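Encoded as structure tokens, the structure appears first; notes follow it.
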């Protein structure tokens, strides 16, 4: 299932989209009019917390819709709805993995910078914006705004001390994150948080794909375009640290909870990696695509 969060008539609603993302099924409208014994959570985050019972009930509601003669009345063309980030306001900071693709490490440094242990930093929940939302340029703070297209994990089951073998059992699904970064702030403050947490610096979406629809998350192509030009293109199979390793490492002494988001690192091709650097500027259109999930498109303003 491909879940979205949308705003209709000022109300936040959960939707399901087809794999081609041509239309969205309004689950709230379907539940209200059809009932069918389905209890719908008010937000996707609450649904994730319900676990497999949420997936089962949503599948039941979806199938019930398709049995109706007027089933088309529950669908909207994708281009006619206002999508939000799938989880518009995460309850915790977004976990981010740094230096997780060898070629990206090399473009930013040297072989000596390839990490022996996973590097983790975070982004503030207030940095999250959805598909189509504007990325603020923050010209008063930075002139080195950069992009980082990434596959992100959405946790579905709580756990602490999770083993590598059990890690995938704790995944709900996958989405896309663009880890927008103010490189000069990152360098100036000698840490990542401020330069990574500017308002609007975490575009997310357009969907969360449930893990049952993702055969192998370690064989997906991550691609980033700026104004139509491909800047990043790499397989998630080339991560230095795999998804199970990431989950196991973060959870060693910290509880992961449903709705936690983990961005898994960015491939080579970021703006800072060019000579001279090619940072973002007003008017730039940034598109991050990940196979099976879709394309996350935003404009710098």
How long are the three semi-axes of the equivalent ellipsoid for the stretch 105-167, computed from the Cα gyration tensor as the root of 5 times each eigenvalue, in whole Å, largest first?
28, 22, 11
How large is the convex hull of the C-alpha atoms of the chain per residue, in Å³?
126 Å³
Going by average Cβ neighbours within 10 Å, how do the peptides 87-97, 135-145 rank, with the highest at the top?
87-97, 135-145
Please work out the C-alpha center-to-center distance from the stretch 33-83 to the stretch 117-155 and express it in whole Å.
30 Å
Give or take rounding to whole Å, what are the principal axis extents of the alpha carbon atoms in the stretch 69-212, in descending order?
63, 45, 27
Highest mean packing first, using Cβ neighbours within 10 angstrom, the peptides 1-10, 108-117, 240-249 sort as 240-249, 1-10, 108-117
Considering just Cα atoms, how many Å³ per residue does the convex hull of the stretch 158-264 enclose?
140 Å³
Pairs of Cα atoms farther than 15 Å apart, the stretch 1-90, %
56 percent
Multiply the residue gap between residue 89 and residue 299 by 0.36 nm, knock off their C-alpha separation, and tell me the result in nm, one decimal place.
73.6 nm
Calculate the all-directions average of the projected area of the stretch 30-136's alpha-carbon convex hull, and give it in nm².
10.6 nm²
Springs between alpha-carbon pairs under 10 angstrom, Gaussian network model over the chain: which of 282, 123, 272 fluctuates most?
282
Is the stretch 79-123 rounded, prolate or oblate when judged by the Cα gyration tensor, a ≥ b ≥ c being the square roots of its eigenvalues, rounded requiring a/c under 1.5 and prolate requiring a/b larger than b/c?
oblate
Length gained when the stretch residue 165-residue 70 is fully extended (0.36 nm per residue, less Cα-Cα span):
29.6 nm
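Any read-out appearing in this document is the output of simple, stated calculations on the displayed coordinates, not a laboratory observation. Since the structure is predicted, the reported quantities are computational estimates derived from the model, not experimental observations. Positions of Cβ are generated from backbone atoms using ideal geometry, with glycine treated the same way; all protein chains shown enter the neighbour counts.
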